[in-house]
1. For region 1-102, rounded, prolate or oblate, judged on the Cα gyration tensor with a ≥ b ≥ c (square roots of eigenvalues), a/c < 1.5 rounded, else prolate if a/b > b/c?
2. Send over the Kirkwood Rh of region 5-308, from the inverse of the averaged 1/r over different Cα pairs, rounded to one decimal Å.
3. Note the full-extension length gain between ASP141 and ALA252 as 0.36 nm times their separation in residues minus their Cα-Cα distance, in nm to one decimal.
4. Please list 253-262, 147-156 highest first by mean number of surrounding beta-carbon atoms within 10 Å per residue.
5. With the dipole of the chain worked out from charges on the C-beta (+1 for Lys and Arg, -1 for Asp and Glu) around the Cα centre, which of GLY39, GLY300, PRO64 lies farthest toward the positive end?
6. Dipole size in debye (nearest 20) for the chain around its Cα centre, Lys and Arg Cβ +1, Asp and Glu Cβ -1?
7. Any lysines with Cα under 23 Å of the LYS249 Cα? List them, leaving off those in the same chain fewer than 8 positions away.
8. Taking a cut-off of 27 Å between Cα atoms, list the lysines near LYS26, but don't count ones fewer than 8 places away on the same chain.
Amino acid sequence: MNKYAIAIHGGAGTILRSLMSESQEKEYRAALLASLQAGNKALENGGTAIDAVEAAIIVLEDNPLFNAGKGSVFTHDGRHEMDAAIMNGKTLEAGAVAGVRNVKNPVKLARAVMGHSEHVLLCGGGAEEFAKEMSLPFETDEYFFSQQRYDQLLEIRDTGTTQMDHSAPNNKKFGTVGAVALDVHGNLAAATSTGGMTNKRYGRVGDSPIIGAGTYANNQTCAISCTGHGEYFIRAVVAYDISCLMEYKGLALAEACHEVVHKKLVALGGEGGLIAIDAKGNIELPFNSEGMYRGMKKQGEEYWVAIYGV
C-alpha cells in the first residue's frame, strides 16, 4: 500500500501580508483547509486520486473567495465563462471543458467528459448540453454574481485590458484553483478549474483546460496543476514539460519544477506557480510570484496551508 497525499492551490500573484486583513487571511486559510480535508477524506477511505482531486476542487468552486465556480470573474459581456480539466495518471484519460456557463461545478463536468464520452475537451453550448444529459446541477446568473467581481469589471470594461482575478491592476492574483493527489493504489491525478480573466473577450481560453499546459497527470512521472498567466503556460507547455524532464532527462520532481517555473517561465515573462506530486508522494509547490494560496496533506502528517512567499 502506498502512502497517500494531496496538494491544492487557490491562485498565485501579488499576495502580500500588507494587502490582507487578518479576517481575510483567516477566511482564505479556512477555505484551503476545508478543501484539503475534503480531498484527504476521500483518500483515507481508500478512494481514488481522481475522487480526491474532484472533492477538493468542488469545495473551492463553491467558495466565492476563489476565481472558479461560484466566485468566477465577469467577462466583457458581463457573463461567466468557466474552464476545468481533470486527468487520470494511471490511464492518461482526461476530460476538460471550456467557456461553460451556469454549470455549478465545472470540475464535475470535466470528469463526466472523461468518464462518459469519447472526447477530451468540450466547449461552450455543446459542453452545457452534455452537462444536462449527465444531469449535472446548473445555477442561475444570480448564484455567480458578486458585487466585488462586478465592480472590477466596471472599472476596466472600457479600457480594452483584462485583469487577473479580483485584484487591482497593480495587485495581480491568478485565481485558478487546482488539486493533485496520490492514492493508496499508487495512482496520480490532477484537476484544475478557473473563471478566467476579468473583462475577457472573444471566447478566450487559458491553460487550465488544456491537457499538458495547465493540467497533467502520469503515474510514471507526476501530476501537475498550474496557476498563472495562461498564455505563457500554454506556450511553455508547463505541466507536460515537467513530466518530460522527469521521464526523458531523469530529473527529480523538485529539479524539474525549478527548471520550468524559475527559469523557462521567467525567461518568457510568465508569472505564476503550480502544485506537483510524484509517484513517491513527494510534493513541490513552486511559484515565481509574491505568493500562492496553497496547502498539502500527507498520510500521517499534519495539514499545512500557506499564502505568502518566504
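1. oblate
2. 18.4 Å
3. Fully extending the segment from ASP141 to ALA252 adds 35.5 nm.
4. Per-residue mean Cβ counts within 10 Å order the peptides as 253-262, 147-156.
5. Comparing the listed Cα positions along the dipole, GLY300 ranks first.
6. I would put it at about 320 debye.
7. Leaving aside lysines fewer than 8 places away in the same chain, those within reach of LYS249 are LYS90, LYS263, LYS264, LYS280.
8. LYS41, LYS70, LYS104, LYS172, LYS173, LYS297, LYS298
Rule-based calculations on the coordinates, nothing more; no lab input. What you see is a predicted model, and the numbers here were worked out from it, not measured in a lab. Note: ideal-geometry Cβ built from the backbone for every residue, glycine included; neighbour counts use all protein chains shown.
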